[in-house]
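Reviewing the structure listed below.
The values are calculated or read from the model by the stated rules, or taken from the named source; none is laboratory data. This is a predicted model, so every value here is computed, not measured. Cβ coordinates were reconstructed from backbone atoms using ideal geometry, including for glycine residues, and neighbour counts include every protein chain displayed.
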Amino acid sequence: MVSAAALLGSCSKKVDEAFLNPNASTRVPVETLLPGIIGNMVGSSSAQGSSYGTAYDGLYIGRYVNFWATNTTNYQYDRLSGATGASDLFGSIWAMHYYGMGQNLGRMIDWAAEEEKWDYVGVGYAIRAWSWYTLTMMYGEAILKQAFDPNRRVFEYDSQEEILAESRRLCHIAINYLNRTDGNVSQQNLALGDQYFNGGDVNKWKKFAYTVLARTYHLTNKPNYKTEMADSVIFYCDKAITSNADNAIATFANSGISGTSNFYGQLRNNAGLLRQTRFIADLMSGVNTMFPGAADPRAPYIIRENNNGTYKGVRLVKGTDGLSTNDQPRNFWGGLFSSTSTAATDARYIFQNGAPYPIITAAEIAFMKAEALWYKGDKAAALTAYQNGISLSFDFLTGTADYHSKVPAAMQITPAAKAAYLANPVVVPTANNLTLSHIMLQKFISQYAYGMHITWVDMRRYHYTDLDPVTGSQVYADLTLPVGSELWPDNVGKWPYRARPRYNSEFLYNIVALDQVGGRLLDYHTKEMWFSQP
């Protein structure tokens, strides 16, 4: 009996060594954890699923905000549907936060603290703060207090207000750690894990954290926004990403393997159905009523011309939208409107395999500051920030080699073209004539094709069609969304305000908590969130 027990113990040990528990805290260098954690910001893959991150959900949010539409009629998500049935659509950010980053991020922070690598600790807290913000602005209520507890099988949801407060708290913790220079802090060592994002520059990470702080206070519908929150927005914007040199940009090895290239590039083959909308095409070609006659030199950088050499787009649900063949915009890879082939060789902007993918750019911060100043009544300072936002947007496009070099030489932005656009009073009015429409439409342009999540936050703050108090017209002038029978039936005539939590966790294992917030209701995605309410 003793020998049998010893034999069984020996076998058990060998089995345990050969098949390590994947949920156990197997120690690995923190430098090897950070690349995968950062990769989740765009989209990561694992044996348990793929495309966890912002880019996959962005395919569909991009329709909500009128970045693009499908090249055929009546596509479900052009009709502003939420996820239906046993689908994980709109669940990528949920999976990014709780699974893709999840315990890995917590372990990186803990192990880095033990090793006195305070820069890794600070980066970890900054990413977690960004992830909490991104999560709650997508889903509203989510699991906060009980998150990442390995001893639980079901989890209770917490309010969006609590989650935003946690994001702020973590930002301050991140900044405190990023300010430390003792222990084993090393730019060279941080760069090992941060190769494809900030290159180990802790100052960029601090600005990243300040940006998240500014976002968490930018709640324009709250009664204390003008008197309190706007001041916090302005204060943190000044400490945030204010230069294109500090932009938070994901880059790619582009080694010919799908996972090392841009999600929207031809190799990944995710953007074949997408076509620019009439809304963005009219903004860029001087047809929008806010910018009449002001053709935008950025157009060939971010959208596509048609066979006639002009810029036109389509509306959601409507396919070709009645455009003649030569007026139909080419797809984002340079192919015909009707084509979903990846064979075209004229991809530009973020639609190239190796093109960098922006997470946060300085232009966003400038426009956020302009909007806060406008609410404060400081129109002169708001105009300065507004002009700066446009300038930063131009410089970001021309200063990014992968974007600028792919635009035909005759269509590239020159300093004179940029100056003329900024000198146009239709685009840049006097301070007293600056409106919310000016600010939000130029911010929309600057965020086009990559900032769909923050654009959706903005549009929901203005309930899509709220009126500008100065112009009396929509803040998002000329924006049209499906109505009536064009809307998905489950919407019951309403536009989307949130995504439902991820199906393959909440709908299978956490039903009680899900039902407490109404998550299984067919129109749950149309329920307005706390952040857009008074």
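For the reader, a short list of remarks on this structure follows.
- Considering (1) out of contact with any helix residue (DSSP H, G or I) (no Cβ under 9 Å at 6 or more places or on another chain); (2) at negative phi; (3) surrounded by fewer than 23 Cβ atoms within 10 Å (Cβ to Cβ), the lone condition that R275 does not fulfil carries the number (3).
- Taken across region 464-479, residues that are under 19 Å from Y60 (Cβ atoms), under 22 Å from the mean Cα position of the chain (by Cα) and among the β-branched types (V, I, T) do not occur at all.
- Test: residue in region 246-266 that is free of Cβ contacts under 8 Å to residues at least 60 places away in the same chain, of a type in the set (V, I, T) and assigned to a loop (DSSP other than H, G, I, E, B): yes
- Failed item, numbered, when P501 is tested on (1) touching a strand residue (DSSP E or B) at 6+ places or on another chain (Cβ under 8 Å); (2) under 18 Å from M138 (Cα atoms); (3) surrounded by fewer than 21 Cβ atoms within 10 Å (Cβ to Cβ): (3)
- Residue satisfying condition, being under 19 Å from D296 (Cβ atoms) and of a type in the set (F, W, Y), within set Y509, Y476: Y476
- Being at pLDDT 95 or above and surrounded by 20 or more Cβ atoms within 10 Å (Cβ to Cβ) is a condition met by at least one residue of region 226-233.
- Restricting region 316-365 to residues that are modelled with pLDDT under 95 and among the aliphatic types (A, V, I, L, M) leaves a set whose member that is surrounded by the fewest Cβ atoms within 10 Å (Cβ to Cβ) is A343.
- Pairing each residue of region 94-117 that is of a type in the set (K, R) with any residue that is modelled with pLDDT of 95 or more, provided the two are 6+ apart or on different chains, yields C-beta distances under 6 Å for K117/N184.
For every residue, the table says whether it meets (1) within 15 Å of G389 (Cβ to Cβ); (2) touching a residue at least 60 places away in the same chain (Cβ under 8 Å); (3) touching a Leu at 6+ places or on another chain (Cβ under 7 Å).
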residue: D194; (1), (2), (3): no, yes, yes
residue: K204; (1), (2), (3): no, no, no
residue: H218; (1), (2), (3): yes, yes, no
residue: N224; (1), (2), (3): no, no, no
residue: T227; (1), (2), (3): no, no, no
residue: Y236; (1), (2), (3): no, no, yes
residue: K239; (1), (2), (3): no, no, no
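- Checking each residue of region 347-357 against the condition of being over 29 Å from W205 (Cβ atoms), over 20 Å from the mean Cα position of the chain (by Cα) and in contact (Cβ under 8 Å) with a residue 60 or more places away in the chain gives at least one match.
- Checking each residue in region 292-346 for being in contact (Cβ under 8 Å) with a residue 60 or more places away in the chain, closer than 20 Å to A401 by Cα and of a type in the set (V, I, T) picks out I302, I303.
- Selection count where residues are free of Cβ contacts under 8 Å to residues at least 60 places away in the same chain and in a loop (DSSP other than H, G, I, E, B), scope region 498-521: 4
- Single residue of A380, A410 found to be of a type in the set (A, V, I, L, M) and touching a residue at least 12 places away in the same chain (Cβ under 8 Å): A380
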